[in-house]
Amino acid sequence: MGVALIASLSSCGGSDEKAVAEKFLNHLNKMEYDEAKALGTKETGEFLDMMKQLSSMGGEAAKEAAAKKEPVKIKESKVDGDKAVVTYCCDDKGADATVNMVKQDGKWLVEMKKEQPAMNEGEATDEPATEVDSTEAK
C-alpha cells in the first residue's frame with residue numbers, strides 16, 4: 001500500500017492544477033492531513049499540521065463523519081503563469097469554493113496562507129475591515 005501511495009503522490013506532482021487540487025481537497029475532507037501536506041507548499045503544510053492537532057480532539061466520531069463526505073468535484077481553474085485558482089463544489093454550505101495553487105519547481109501545489117480565510121470562507125481581500133460608527137447606533 002505504501003508504494004502505491006508514493007506512486008500516486010509522485011505522479012500527480014507534475015500534473016495539472018485541477019488534479020492536484022482535487023487530490024488535496026479529498027485528502028483534507030477525509031482528515032488525511034499527511035497525504036494532503038505532500039500536495040501543498042511549506043506554509044500549507046504548517047497549517048495542516050495545526051489542523052491535524054486540532055482535529056485529533058474530535059475523536060473517532062469526527063473521523064467517521066469525514067469518511068462519509070462526498071468527493072470534491074472540480075469545476076474550473078484559472079491559470080495565470082505560475083499561479084492558479086481552482087473552483088470546486090461544494091463547501092459546507094453547498095456553495096462553490098476556491099483553492100489557490102502555485103507552481104514550484106514544475107509542480108502544482110496548494111497554497112494556503114495564514115492571512116487568507118479558510119478555503120470554505122471565500123476569498124481574501126486586501127481591503128481593511130470597515131468600522132461601525134457607534135454614534136449611528138443611538
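No value in this document is a laboratory result; all are computed from the given coordinates. Note that the coordinates shown come from a computational prediction; the quantities given were computed from them, not determined experimentally.
Would you check which residues across region 76-101 are farther than 18 Å from residue 28 by Cα and of a type outside the set (Asp, Glu) and list them?
77, 78, 79, 81, 83, 84
Scan region 24-71 residue by residue and report those that are among the basic types (Lys, Arg) and farther than 25 Å from residue 86 by Cα.
63
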